[in-house]
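One structure below.
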């Protein structure tokens with residue numbers, strides 16, 4: 001199948017898990033034998049092959065493409081307005097669809113490549129599938145958070161600034177979410193009314209551990225955190241739990257990642273200095289072998305929580321907050337422990353139980369590695385292939401390639 005994949009972000013531009021997830025899907029699809037071209041926006045237009053994937057970089061279709069760079073308020077407002085339907089993006093995507101003649105258009109997130117892509121695919125008679133990775137379609141911040149609180153639904157300002165996004169979602173034939181939570185968050189709000197819905201979790205390329213971990217006997221139990229040092233990710237909750245356990249000599253804490261601002265600067269002082277080591281930015285593949293248990297204390301309602309399945313692939317069990325999609329990933333008592341978000345005493349108690357029962361850590365490691373098999377490429381490639389076949393067969397409108405062949 002010929003697939004045109006329009007990705008909001010793609011390597012080498014790295015900003016969080018989005019580009020990594022997009023690359024993994026691209027690798028998954030090409031590995032399954034699909035002919036793929038990736039489109040995304042960059043500083044200059046060019047065609048290249050990046051890590052084996054054919055990529056066409058388009059010059060920004062909006063006022064700018066890198067929304068992490070500070071911009072004037074008026075420019076941000078204009079950018080967000082255009083994300084509801086950008087005529088320039090529509091024209092560009094019509095051109096790219098005509099050039100590649102795909103059987104299916106796949107959008108992996110939608111920022112910058114624009115919801116106009118969906119209208120362009122419909123106009124060309126090509127079925128379209130969208131992968132949800134955030135709540136950008138519902139919330140202009142993409143987080144559904146106000147201050148340190150999760151929003152129960154879209155507020156008035158977010159609804160007003162997302163009218164076009166919701167309207168364009170009616171052109172989507174299939175929608176994929178890494179969890180049922182992120183799919184329901186959109187469909188409950190009236191998005192994707194005609195789309196077939198499918199839960200397909202994020203992929204891990206391979207099992208990183210050859211076997212489950214043995215019980216960590218005769219040494220301190222090492223508890224790890226890796227991620228951005230922001231309040232929404234909850235490292236201060238782990239810090240509070242660590243302080244409550246500071247009298248225990250059988251525990252160590254390893255904190256990886258970084259952040260900016262007063263919160264990140266104060267985090268080192270929030271953990272007990274005698275039992276905590278800060279690593280800064282660290283490659284996850286170097287980090288996971290150093291810990292026995294990962295803690296994911298997120299206060300943010302995570303659409304998925306990729307770090308959890310990465311830990312599973314290393315045979316590392318997880319203690320995680322039941323925030324958003326995290327609750328669907330942790331099988332309580334099998335591959336880890338799930339807790340209410342923000343409950344530092346419960347987190348401290350869970351860590352203490354594992355420090356007292358090292359055999360449980362080994363059992364959870366076995367469960368973690370077994371769980372990781374659900375996220376391997378052959379399993380998820382089959383799920384995507386089944387959905388894509390259904391979408392292509394279900395459309396009565398011929399593809400561009402078929403129309404050209406009859407001329």
Cα pair distances in segment 314-400, grouped into 5 Å bins until the bin that holds the longest one, percent each: 3, 13, 17, 16, 13, 10, 7, 7, 6, 5, 2, 2, 0
Kirkwood Rh, angstrom, segment 74-177 [1 / mean 1/r, Cα pairs]: 14.2
Percent RCO, i.e. relative contact order, over the chain, from Cα pairs under 8 Å lying at least 6 residues apart: 15
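Going by how many other beta carbons lie within 10 Å of each one, how would you line up 175, 105, fewest first? Can you show the working numbers first?
On the way: 175 24, 105 27.
The most exposed by this proxy come first: 175, 105.
Which whole-number percentage describes the relative contact order of segment 221-374, with Cα contacts under 8 Å and a sequence gap of 6 or more?
Normalised by residue count, the contact order of segment 221-374 is 24 percent.
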Distant alpha-carbon pairs in the chain (separation over 29 angstrom), percent: 46
Mean shadow area of segment 1-149 over all directions, Cα convex hull, nm²: 8.9
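Could you put 290, 44 in order, starting from the residue whose Cβ has the fewest other Cβ atoms within 10 Å?
On the way: 290 15, 44 8.
Ordered by Cβ neighbours within 10 Å, fewest first: 44, 290.
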Tilt relative to the chain, helix 87-100 - C-alpha long axis, 0 to 90 degrees, to 10: 80
Distribution of pairwise C-alpha distances over segment 221-374, 5 Å bins, in %: 2, 10, 21, 25, 23, 14, 4, 1, 0
Considering only the chain, percent of DSSP beta bridges that pair antiparallel, nearest 5: 15
Cα shape, segment 203-300, gyration tensor, a/c 1.5 rule: oblate
Ascending count of other beta-carbon atoms within 10 Å, so fewest first, for 149, 57: 149, 57
Viscosity 1.002 mPa s, 20 °C: Kirkwood-radius Stokes-Einstein D of segment 207-255 over Cα pairs, µm²/s: 167
Angle between the chain longest axis and helix 344-356 axis [Cα atoms, degrees, rounded to 10]: 60
Cα-based Rg / Dmax (Å) for segment 123-191: 12.6, 43
Over segment 140-268, volume per residue of the alpha carbon convex hull, in Å³: 172
Length-normalised contact order for segment 115-220 - Cα pairs under 8 Å, 6+ apart - percent: 26
Computed [θ] at 222 nm, deg cm²/dmol, the chain (DSSP H ≥ 4; -39,500 (n - 2.57); rounded to nearest 500): -11000 deg cm²/dmol
Cα shape, segment 40-126, gyration tensor, a/c 1.5 rule: oblate
Degrees separating the helix 17-31 axis from the principal Cα axis of the chain, which is the longest one: 60
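Since every read-out is calculated from the coordinates, none of them should be taken as a lab result. This structure is a prediction, so every number in the text was calculated from the model and none was measured. Every residue, glycine among them, receives a Cβ derived from its backbone with ideal geometry; neighbour counts consider all protein chains shown.
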